[in-house]
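The values are calculated or read from the model by the stated rules, or taken from the named source; none is laboratory data. For clarity, every value in this text was computed on a predicted model and none was experimentally measured. Neighbour counts are summed over all protein chains in view; Cβ atoms, including those assigned to glycine, are modelled from backbone coordinates with ideal geometry. The accessibility values were calculated without ligands, DNA or RNA, using every heavy atom of the protein model including side chains. Shrake-Rupley method; radii C 1.70, N 1.55, O 1.52, S 1.80 Å.
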Amino acid sequence: MTALSTHPDQQIFHEHRRLLFSVAYRVLGSAADAEDAVQDAWIKWSAADRSQVADPKAYLTRIVSNLALERLRSARHKRETYVGPWLPEPILTGGDACEAVTDAESVSMAMLVVLETLSPLERAVFVLKEVFDFSHAEIAEAVERSETAVRQAAHRAREHVRARRPRFAADRSRQRAATERFLAAATGGDVNALLELLSPDVTLWTDGGGKVRQALRPVVGAATVAAWFAAIGTVTYQGVQPTDMKAELLEINGEPGMVFSGPGRVIATVTFDFDTDGRITAIHNVANPDKLQAINDGTTYDIGTR
């Protein structure tokens with residue numbers, strides 16, 4: 001028996017920890033901040049009068065939702081002054097949860113980028129309502145707003161996301177096949193093969209956070225993006241020689257993605273959006289080392305919603 005299993009209160013928290021991270025990560029777009037929110041939720045849970053808690057799962061979800069919302073509000077200023085495009089912090093995912101299309105899509109880089117354009121309240125309400133299927137009354141209690149305010153925020157968020165969310169129909173097997181071909185073409189410097197995979201108006205977003213050299217504005221157009229990736233095998237990147245760079249296909253945020261590593265460290269992740277024909281319409285490239293810790297640690301997250 002572990003110490004955890006002999007402590008009922010710790011056991012209850014442990015049972016719901018995965019769900020709490022899943023909520024906090026979708027609200028925050030940062031694995032590090034989500035982990036901190038979950039830890040703060042544990043502190044509040046430890047100090048609470050648990051004899052008054054009828055539904056621990058609902059109680060803990062309310063706590064972590066409110067903590068994540070507070071963190072998101074305080075993080076907004078930093079994101080507004082961020083150097084170059086701000087992208088979410090990628091995570092490795094896996095397990096049965098990612099087989100559920102809704103779970104995977106709701107944590108995709110594309111969706112998290114869209115959620116970033118919502119107000120903090122709208123984002124929290126959207127995540128709890130559309131992803132976790134909470135009632136408006138439950139959300140109102142969690143975010144400490146009236147039910148009317150929550151309904152209005154939910155409507156605004158839903159319309160906003162519907163207008164901007166990626167409308168791809170390519171299934172997972174086609175996405176994986178295209179990602180495999182892209183990886184082979186990029187590491188082999190095959191511009192023509194890359195062009196075949198890219199939509200003509202593809203957009204590349206690169207996040208170096210001012211820590212490493214990256215494009216400070218979106219790179220647009222198949223020819224420019226193809227040239228960018230075809231150079232991977234010929235140039236030194238972040239002090240790593242092409243011969244020392246390793247590229248592998250892994251599941252990132254519920255979708256096939258690429259992880260580039262040098263000796264002892266991850267240096268970048270790349271994920272894709274696809275159109276209905278299976279062509280790549282957008283690429284998200286995260287190279288800010290502050291955002292690669294979860295990938296570097298090799299932690300695989302279960303991002304299921306139940």
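Considering only beta bridges that DSSP places wholly inside the stretch 147-306, some 80 percent are antiparallel. Taking Leu128, Leu249 and ordering them by how much accessible surface each has at a 1.4 Å probe, largest first, produces Leu249, Leu128.
Label-to-label distance for Ala32 and Arg174 is 3.8 nm, based on points extended 7 Å past Cα in the beta-carbon direction. Taking each residue as 0.36 nm, the span from Gln52 to Gln10 lengthens on full extension beyond its C-alpha to C-alpha distance by 13.5 nm.
Cα-based values for the stretch 141-286, radius of gyration first and Dmax second, are 18.1, 59 Å. For the chain, lysine pairs with C-alpha atoms less than 19 angstrom apart, excluding pairs fewer than eight positions apart on the same chain, total 6. Taking one quarter of the surface of the C-alpha convex hull of the stretch 31-187 gives a mean projected area of 11.8 nm².
Scanning the chain for DSSP H helices at least 18 Å long along the axis (C-alpha atoms) with a Kyte-Doolittle mean no lower than -1.0 picks out 8-28, 31-47, 56-80, 172-187. Could you tell me whether the stretch 229-306 comes out rounded, prolate or oblate from its Cα gyration tensor? Rule is a ≥ b ≥ c as square roots of the eigenvalues, rounded for a/c under 1.5, then prolate if a/b exceeds b/c, otherwise oblate. Oblate.
Assuming 0.890 mPa s and 25 °C, estimate D for the stretch 1-63 with Stokes-Einstein, Rh taken as the Kirkwood radius over Cα pairs, in µm²/s. For the chosen part, D equals 203 µm²/s.
Given a 1.4 Å probe and the protein chains as shown, Asp297 ends up with an accessible area of around 100 Å².
Full extension of the chain between Arg79 and Lys211 yields a length gain of 46.1 nm, computed as 0.36 nm times the residue separation minus the alpha carbon distance. Counting only heavy atoms of the protein chains and using a 1.4 Å probe, Lys211 has close to 110 Å² of accessible surface. Here, the stretch 237-278 yields an orientationally averaged convex hull projection of 3.7 nm² when only Cα atoms define the hull. Restricted to Cα atoms, the stretch 187-261 shows a radius of gyration and a Dmax of 12.9, 32 angstrom. To the nearest 10, the accessible area of Tyr59 is 60 Å² with a 1.4 Å probe. Ranking Tyr25, Tyr301, Tyr237 from most to least accessible surface, computed with a 1.4 Å probe over the protein chains only, gives Tyr237, Tyr301, Tyr25.
May I ask what percent, to the nearest 5, of DSSP beta bridges between residues of the chain are antiparallel? Given both bridge residues lie in the chain, the antiparallel proportion sits at roughly 75 percent. Here the average projected area of the convex hull drawn through the C-alpha atoms of the chain stands at 16.6 nm².
Apply the a/c threshold of 1.5 to the C-alpha gyration tensor of the stretch 133-211 and tell me whether it is rounded, prolate or oblate. Prolate, because a/c is 1.5 or more and a/b exceeds b/c.
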